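The values are calculated or read from the model by the stated rules, or taken from the named source; none is laboratory data. Source: prediction; values computed, not measured. Positions of Cβ are backbone-derived with ideal geometry, glycine not excepted, and every protein chain shown enters the neighbour counts.
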Amino acid sequence: MTSKTPPSSQVLDRVLVLEMVRVTEAAAIAASSLIGRGDEKAADHAAVEAMREAFDELYMDGTVVIGEGERDEAPMLYIGEKVGGAPGGGPKIDIALDPLEGTTITAKAGPNALAVLAAAEEGCLLNAPDVYMEKLAIGPGYEPDVIDLDKSPTENVKSFAKAKGVAPNEVIVCVLDRPRHEALIAELRSIGCGIQLIPDGDVAGVIAVTDEDTTIDMYMGSGGAPEGVLAAAALRCVGGQFQGRLLFRNDDERARARKWGIEDLDKIYHLQDLAKGDCIFAATGVTNGSLLQGVKHLKGGRMTTESVVMRASSGTVRWIQGEHRKGPSPFG
């Protein structure tokens with residue numbers, strides 16, 4: 001069961017919804033020239049610069065609320081940076097972005113690298129600190145409270161299996177392949193669950209629960225909190241359930257959370273807490289994956305892209321095939 005459809009925003013007009021795809025296309029194309037080159041920083045830098053230049057072509061007064069880091073850590077697309085071609089005059093929009101979700105994937109030519117962003121009216125996206133978040137997600141079509149982050153993985157699988165009408169050993173769970181998930185993986189396998197391990201890219205992993213073609217039923221485990229906001233924006237658009245809880249390794253991380261206005265450090269976040277009101281989610285594939293095909297370089301300087309753009313107020317999902325020619329501007 002999904003939340004009520006949010007009212008359509010006059011700020012997020014239809015033109016801007018489609019223009020957001022051009023931004024992710026620009027980042028994906030820039031990063032694609034470094035697929036398999038083994039240089040994560042260079043690939044990320046290329047995507048960041050291309051995305052920033054593309055933002056400047058849009059009529060909006062945007063603020064990055066989730067970006068590459070704080071200003072002293074990131075020269076471009078840092079948290080608090082103003083983007084857009086109409087500062088002080090265009091519609092005020094908050095932006096959460098990851099110009100290259102899957103830097104390691106791109107460097108190694110692995111699957112599921114994406115250029116992603118979410119946009120909403122000012123104040124509607126959580127300013128999530130750059131810490132880990134425990135995540136739990138399922139797709140649309142289920143009653144509320146099927147999942148509960150306070151319950152064990154076994155209890156959540158059994159609850160979901162009952163709602164779906166299958167045995168627990170027929171459930172497939174997506175988990176990031178990390179040493180920190182060894183106990184989680186062992187528990188899931190002890191009840192016969194199928195597990196799809198992914199090397200990176202947990203935004204795509206969370207979104208996969210919404211697509212029956214992926215055969216993934218649930219997402220579990222910890223990953224970046226900023227990526228949790230991006231994934232939540234996508235689920236707001238297409239339906240599904242998501243719960244997240246920030247995880248802190250030390251006092252510095254707790255202080256960082258308080259700096260961004262988070263007082264309840266044990267709070268369980270739901271979709272509406274992370275991305276409320278009308279919102280847009282856009283993504284373009286960098287490498288081939290379960291959600292999108294990657295950038296393909298063809299003869300004559302031509303390139304093809306595959307993107308998706310979603311809007312919460314309408315529930316519309318558009319799949320966009322693009323053909324591009326090399327040029328100085330991503331809007332050419």
Original post:
Given (1) in the same structural domain as Gly315 (by TED's automatic domain parsing); (2) under 17 Å from Ala232 (Cβ atoms); (3) surrounded by fewer than 15 Cβ atoms within 10 Å (Cβ to Cβ), where does Lys82 come up short, assuming only one miss?
Top reply: (2)
Original post:
Looking at Asp177, is it within 19 Å of the chain's Cα centre (by Cα), crowded, with 16+ Cβ neighbours inside 10 Å and either of a type in the set (Lys, Arg) or in the same structural domain as Lys267 (by TED's automatic domain parsing) (or both)?
Top reply: no
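Which one of Ala282, Ala255 is modelled with pLDDT of 90 or more, hydrophobic (A, V, I, L, M, F, W, C) and under 16 Å from the mean Cα position of the chain (by Cα)?
Step by step, each of Ala282, Ala255 is checked, and only Ala282 is modelled with pLDDT of 90 or more, hydrophobic (A, V, I, L, M, F, W, C) and under 16 Å from the mean Cα position of the chain (by Cα).
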Original post:
Of the residues Gly84, Gly88, Gly80, which is out of contact with any helix residue (DSSP H, G or I) (no Cβ under 7 Å at 6 or more places or on another chain), free of Cβ contacts under 8 Å to residues at least 40 places away in the same chain and over 24 Å from Val131 (Cα atoms)?
Top reply: Gly88
Original post:
In region 308-328, which residues are over 23 Å from Phe242 (Cα atoms) and touching a residue at least 24 places away in the same chain (Cβ under 8 Å)?
Top reply: Ile320, Gly322, His324, Arg325, Lys326
Original post:
Yes or no: Asn156 among the polar types (S, T, N, Q), in the same structural domain as Glu212 (by TED's automatic domain parsing) and in contact with a strand residue (DSSP E or B) (Cβ under 7 Å, 6 or more places away or on another chain)?
Top reply: yes
Original post:
Does Ile95 satisfy being closer than 21 Å to Leu176 by Cβ, of a type in the set (A, V, I, L, M) and crowded, with 16+ Cβ neighbours inside 10 Å?
Top reply: no
**OP:** Identify all residues within region 224-263 that are small (Gly, Ala, Ser), touching a residue at least 40 places away in the same chain (Cβ under 8 Å) and at negative phi; write none if there are none.
**Re:** Gly224, Ala225, Gly228, Ala231, Ala232, Ala233, Ala234, Gly244, Ala257
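Working only within region 81-107, note down all residues that are farther than 16 Å from Leu230 by Cα and touching a Ser or Thr at 6+ places or on another chain (Cβ under 7 Å).
Lys82, Ile105, Thr106, listed by residue number.
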**OP:** Identify the residue in region 264-273 that is in contact (Cβ under 8 Å) with a residue 60 or more places away in the chain and touching a strand residue (DSSP E or B) at 6+ places or on another chain (Cβ under 7 Å) and, among all such residues, is farthest from Val317 (Cα to Cα).
**Re:** Ile268
Original post:
Do we find a residue being in contact with a helix residue (DSSP H, G or I) (Cβ under 6 Å, 6 or more places away or on another chain) and free of Cβ contacts under 8 Å to residues at least 24 places away in the same chain anywhere in region 155-166?
Top reply: yes
Original post:
Does Gly192 qualify as being part of a loop (DSSP other than H, G, I, E, B), assigned by TED's automatic domain parsing to the domain that holds Ile172 and either among the aromatic types (Phe, Trp, Tyr) or at pLDDT 95 or above (or both)?
Top reply: yes
Subject >> Residue list for region 218-244, filter: within 16 Å of Leu176 (Cβ to Cβ) and charged (D, E, K, R) >> reply: Glu227
